[in-house]
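Reading through the structure tokens given below for one structure.
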Amino acid sequence: MKKIWEYTDDDMGVGILFELYQINSDFLVIASGGHRPHIGAVSLNEQTMAAPGHKENIITSMMAGEIQGILQSTLDEKTMNPNICVISGIHVDNITKAQIDAVVKMCKAAAKKIADIAAKK
């Protein structure tokens, strides 16, 4: 497993660390942050699981789908589609709607950057 990219973003007082690892031809993405980073949800390709009471499955599902969609459009038919695993845990005490929107926006932007990087590997 090799870390190939790391990026930190911050908006509306919420910081998120995005990490991208390559495992052979597959990719692992970790999006963690807020006041208490943790593991809240995981998506592997189209399958998603969330810990009880957690809503990060919205983020992991969106990011995995976005990354996979971009990769599928850039890979030729002879290239195997890699597995994409996204793990996320972002906790903000008393989060506001504006902060939720900012988190989603940051994750969407990071997913596009991650897909572009993964497509070149």
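The values are calculated or read from the model by the stated rules, or taken from the named source; none is laboratory data. As the structure is a computational prediction, the values presented were derived from the model and not from experiment. Don't worry about glycine lacking a Cβ; one is built from the backbone with ideal geometry, like all the others, and counts go over all protein chains shown.
A compact table of results
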{"item": "Single residue of Lys97, Lys108, Lys121, Lys112 found to be surrounded by fewer than 16 Cβ atoms within 10 Å (Cβ to Cβ), within 21 Å of Met49 (Cα to Cα) and not polar (S, T, N, Q)", "result": "Lys108"}
{"item": "Matching entry among Ile100, Ile67, Ile95, Ile117 (being under 17 Å from Met12 (Cβ atoms) and either among the hydroxyl-bearing types (Ser, Thr, Tyr) or assigned to a helix (DSSP H, G or I) (or both))", "result": "Ile100"}
{"item": "Residue ranges of strands (runs of 3 or more DSSP E) in the range 15-56 with at least 2 members touching a Leu at 6+ places or on another chain (Cβ under 7 Å) and modelled with pLDDT of 95 or more", "result": "26-34"}
{"item": "Scan of the range 1-49 for residues that are out of contact with any strand residue (DSSP E or B) (no Cβ under 8 Å at 6 or more places or on another chain) and closer than 20 Å to Ile100 by Cβ, ordered by number", "result": "Asp11, Met12, Gly13"}
{"item": "Every residue from the range 8-48 that is touching a helix residue (DSSP H, G or I) at 6+ places or on another chain (Cβ under 7 Å) and farther than 15 Å from Lys105 by Cβ", "result": "Leu20, Phe27, Val29, Ala41, Val42, Ser43, Asn45, Thr48"}
{"item": "All positions within the range 70-92 that are in a strand (DSSP E or B) and β-branched (Val, Ile, Thr)", "result": "Ile84, Val86, Ile87, Ile90"}
{"item": "Hey, Met80 touching a strand residue (DSSP E or B) at 6+ places or on another chain (Cβ under 9 Å) and either modelled with pLDDT under 95 or crowded, with 17+ Cβ neighbours inside 10 Å (or both) or not", "result": "no"}
